[in-house]
Structures are given as structure tokens and as C-alpha cells.
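**Q** Sending over a structure as C-alpha cells; questions will come in a sec.
Where a number appears in this text, it was derived from the coordinates with a stated rule and is not lab data. Small disclaimer: the values here were computed from a predicted structure and weren't measured. Here Cβ is always computed from backbone atoms with ideal geometry, including for glycine, and neighbour counts include all displayed protein chains.
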Amino acid sequence: MALTFVKTIKAAHILVVHEYEAKDILQKIVNGDNFEILARDFSICPSAADGGFLGEFSRGKMVPSFDKVAFSLAVGEISKIVRTQFGHHIIKRLD
């Protein structure tokens, strides 16, 4: 069976300044809270208005640490905390 490489994915994220905020939000997700509602309530990214939805993007369009994690997730999977120069992200792969 030949391997196929995903060229684009759809994802959402929650972006906060402090790691402790990200830890608290991640625990809420683990406890069953809705990712999109948490994104609207807590994310500092303009995508918060859309439940954190970032749209469809290809490899290399995001900063390297974000890109690496986003493309490693299974559909529906939520990442651990990812730190970038923008803050602390929790990523959800959507497609």
C-alpha cells in the first residue's frame, strides 16, 4: 500500500498568552467542554469569533512548531499545548 501525504488540512485553535491559561482550558476540554465555545470565550486570536477555525492550509503556512503538530494530529484529535512566538495554542484537526 502506498503512503499518501496530506497536502492540506483544516484546523481550529485556541490561543492564549500564558501557559497556565492553556493548561486550564485543556483540562476543560478533557472534562468535556466544547472546543469551539472555549475558543470563542478565551482565545486571543481573531479566529475566536469563528470558534477558532483557521480554515484550510498547507504545510509551511504556519510557524514550524504549530505546523508540525497540526499535521501530526488525527482527524478530530486535540493537541497538547504548543508554544510559539504568538503564545500558547491548543490545536484541533478538523478534516
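**Q** Under unit Cβ charges (Lys, Arg +1; Asp, Glu -1), what dipole magnitude, rounded to 20 debye, does the chain have relative to its Cα centre?
**A** Using only the charged Cβ atoms, the result is roughly 360 debye.
**Q** Within the range 25-86, which GluC sites (Glu not before Pro) sit in a loop by DSSP and count at most 16 neighbouring Cβ atoms inside 10 Å?
**A** Sites meeting the loop and neighbour criteria: 77.
**Q** Test of understanding: what is the full-extension gain from residue 37 to residue 85, defined as 0.36 nm times their sequence separation minus their Cα-Cα distance?
**A** 14.9 nm
**Q** Let me ask something else. Taking neighbour counts of Cβ atoms within 10 Å as a proxy for exposure, in what order, fewest first, do 79, 72 appear?
**A** Lowest count first: 72, 79.
**Q** Another one. Considering only C-alpha atoms, what is the centroid distance from the range 39-95 to the range 5-29, in Å?
**A** After rounding, the separation between the Cα centres reads 5 Å.
**Q** A follow-up question, please. For 8, 84, what's the fewest-to-most ordering of other Cβ within 10 Å of each Cβ?
**A** With the sparsest Cβ surroundings first, the list reads 8, 84.
**Q** Tell me, 88, 13 in order of fewest to most beta-carbon neighbours within 10 Å?
**A** The order, fewest Cβ neighbours first, is 88, 13.
**Q** Across the chain, where is the longest run that never hits trypsin sites (Lys or Arg not before Pro) in a DSSP loop with at most 13 other C-beta atoms within 10 Å?
**A** Free of exposed loop sites, the longest segment is 8-60.
**Q** Still on this structure: For the range 8-93, with equal point scatterers placed on the C-alpha atoms only and solvent neglected, what are the log10 I(q)/I(0) values from the Debye formula at q = 0.20 1/Å, to two decimals?
**A** -0.84
**Q** Amide H neighbours of residue 45 under 5 Å, at least 5 residues apart or on other chains, H built in the peptide plane: list them.
**A** Under 5 Å from the amide H of residue 45 lie the amide H atoms of 15, each far enough along the sequence or on another chain.
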